[in-house]
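*Asks:* Starting off with a structure, shown below.
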Amino acid sequence: MTETVDNKAEAKSRFNAALEEAKAGAAALKAEAGDRAGAYREQARSKGGELMTEAKAYGAEAKTKAGELAVEGKAKASDAIASLGKVVADTAGELDNRFGEQYGDYARRASRSLQETSAKLDAKSVEEIGEDAREFVRKSPGTAIGIAAIVGFLFARMFTGKRG
């Protein structure tokens with residue numbers, strides 16, 4: 001019976017040693033998992049920071065490009081208005097001959113008005129033009145909606161083919 005007791009004690013001792021070894025292994029795995037999780041968390045933060053930096057850079061680049069395009073568009077619009085004014089001025093003499101001086105004078109006044117509008121447009125910055133547009137919409141929202149509807153209709157007509 002002593003041998004049985006000794007075997008039980010030895011088995012119990014081995015079991016406890018194995019249990020302690022398993023606990024130590026689990027603690028080591030837990031520590032390793034914590035270290036890896038920390039490393040992954042740091043990588044994610046780093047990558048997130050890099051992505052934010054890139055996004056800000058792209059945003060700044062897009063803003064710069066939009067500003068350049070707005071300035072270019074303003075210059076083209078101003079040139080188009082000036083060209084239209086010149087065409088109207090060139091037509092004034094013909095209107096004098098065909099319909100009378102009164103109509104030629106109308107054309108000359110319209111031409112001067114177009115030239116002045118072109119000069120005002122050239123003199124203003126894109127920001128000032130934007131503020132003028134916002135002010136116009138605030139003062140006359142109905143007119144602004146009507147103009148937007150007409151422009152939308154014209155764009156739709158220009159960009160859709162004839163169906164039927």
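The values are calculated or read from the model by the stated rules, or taken from the named source; none is laboratory data. Quick caveat: nothing in here was measured; it's all calculated off a predicted structure. Heads up, the Cβs are rebuilt from the backbone with ideal geometry, glycines too, and the neighbour counts pull from every protein chain shown. For accessibility, only protein heavy atoms count, side chains too; no ligands or nucleic acids. Shrake-Rupley method; radii C 1.70, N 1.55, O 1.52, S 1.80 Å.
*Asks:* Given Ala107, Ala82, Ala89, which one is of a type in the set (A, V, I, L, M) and either in contact with an Asp or Glu (Cβ under 6 Å, 6 or more places away or on another chain) or open to solvent by 40 Å² or more (accessible area, probe 1.4 Å) (or both)?
*Replies:* Unique residue meeting the criteria: Ala89.
*Asks:* Within the set of pairs 6 or more residues apart or between chains, which connect a residue that is among the basic types (Lys, Arg) and in a helix (DSSP H, G or I) inside the range 143-159 to a residue that is at pLDDT below 80 and open to solvent by less than 90 Å² (accessible area, probe 1.4 Å) with Cβ atoms less than 9 Å apart?
*Replies:* none
*Asks:* Given the criterion within 22 Å of the chain's Cα centre (by Cα) and assigned to a helix (DSSP H, G or I), identify the matching residue among Glu135, Glu68, Glu94, Glu116.
*Replies:* From the options Glu135, Glu68, Glu94, Glu116, the qualifying one is Glu68.
So that you can scan it fast, the table gives a plain yes or no per residue for (1) modelled with pLDDT under 85; (2) open to solvent by 80 Å² or more (accessible area, probe 1.4 Å):
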position: Thr117; (1), (2): no, no
position: Glu127; (1), (2): no, yes
position: Arg134; (1), (2): no, yes
position: Lys139; (1), (2): no, yes
position: Ala144; (1), (2): no, no
position: Ala149; (1), (2): no, no
position: Leu154; (1), (2): yes, yes
position: Arg157; (1), (2): yes, yes
position: Lys162; (1), (2): yes, yes
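*Asks:* Of these, Leu19, Leu29, which one is open to solvent by 80 Å² or more (accessible area, probe 1.4 Å), free of Cβ contacts under 8 Å to residues at least 60 places away in the same chain and more than 22 Å from the chain's Cα centre (by Cα)?
*Replies:* The conditions single out Leu29.
*Asks:* Does Lys56 qualify as being within 30 Å of Leu121 (Cβ to Cβ) and open to solvent by 90 Å² or more (accessible area, probe 1.4 Å)?
*Replies:* No: the conditions fail for Lys56.
*Asks:* Filter the range 92-104 for residues that are hydrophobic (A, V, I, L, M, F, W, C) and surrounded by 15 or more Cβ atoms within 10 Å (Cβ to Cβ) and give the result.
*Replies:* Within the range 92-104, Ala92, Leu95 qualify.
*Asks:* Which of (1) open to solvent by less than 90 Å² (accessible area, probe 1.4 Å); (2) under 22 Å from Ser118 (Cα atoms); (3) among the acidic types (Asp, Glu) does Glu68 not meet, given it meets every other one?
*Replies:* It is condition (1) that Glu68 fails.
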